[in-house]
Amino acid sequence: MTDTGLGIFLLSALAVATVTDLRGQRIPNKLTYPVMALALCYHGLTRGADGLIFGLAGLGLGLGLMIVPYLLGVMGAGDVKLMAAVGACLGAADTFSAFLFTSLAGGLYALALLLGRFQALKMVFRSLGRTLWIFMSSGRLQPAEGESGLPRLCYGVAIAAGTAAAMAFKAFQTGAPALP
């Protein structure tokens, strides 16, 4: 497999993750773990120990960037593992770029969902207002109790869009495939 082949493999896996996330709000381990393993094997076989370290550094960064939102309960474990798989494919530097593009895509995705559901947007602003009221009256920053009915984000969509955008941006900048 060439670096271009690894890029196509990653984009294919991201497409599958998008579909499974949208359909069942899950990104299965049987998708993320093989992507991680194949990417690490590819890098190790093509560049030896340096390649393996390259892939492991990306995997660790992808995991590290997403673990805090997971621990806070705002992201699913599948999303964390998907970003780790992206990292195993791209390496640390490009994983960070993919994360930045993913964050932008996630924000736009959330805004689009909220704008599509005006009632949900009103609930968000009402909750923010209550949080501000709690802070002003008690001096403590404590989120107000959330309301049900808010749209649920399938963050695998944002990870796929952000990663694809980061890969395209790198290819545009360098005139070369998005993988080293």
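Where a number appears in this text, it was derived from the coordinates with a stated rule and is not lab data. What you are looking at is a predicted structure, and each value in this text was computed from that prediction instead of being measured. Here the Cβ is made from the backbone with ideal geometry for all residues, glycine too, and neighbour counts use every protein chain on show.
At a glance:
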read-out	value
Rounded tilt (10° steps) of 29-71 against the dominant C-alpha axis of the chain	10 degrees
Pairwise label distance in nanometres, Ala57 with Leu113, each label 7 Å out on the Cα-Cβ vector	3.4 nm
The chain: most fluctuating residue of Ile159, Ile53, Ile134 per GNM, C-alpha cutoff 10 Å	Ile134
Check: the chain dipole with +1 on Lys, Arg Cβ and -1 on Asp, Glu Cβ, in debye	500 debye
Residue among Val16, Gly60, Thr131 farthest towards the positive dipole end of the chain, charges placed on Cβ	Thr131
Computed lengthening from Arg23 to Val68, 0.36 nm per intervening residue step minus Cα-Cα distance	13.7 nm
Efficiency of FRET from Cβ geometry, Ser12 and Ser127, R₀ 45 Å, rounded to 0.05	0.70
Between helix 118-138 and the chain: long-axis angle, C-alpha atoms, 0 to 90°, nearest 10	70 degrees
Tilt relative to the chain, helix 155-174 - C-alpha long axis, 0 to 90 degrees, to 10	50 degrees
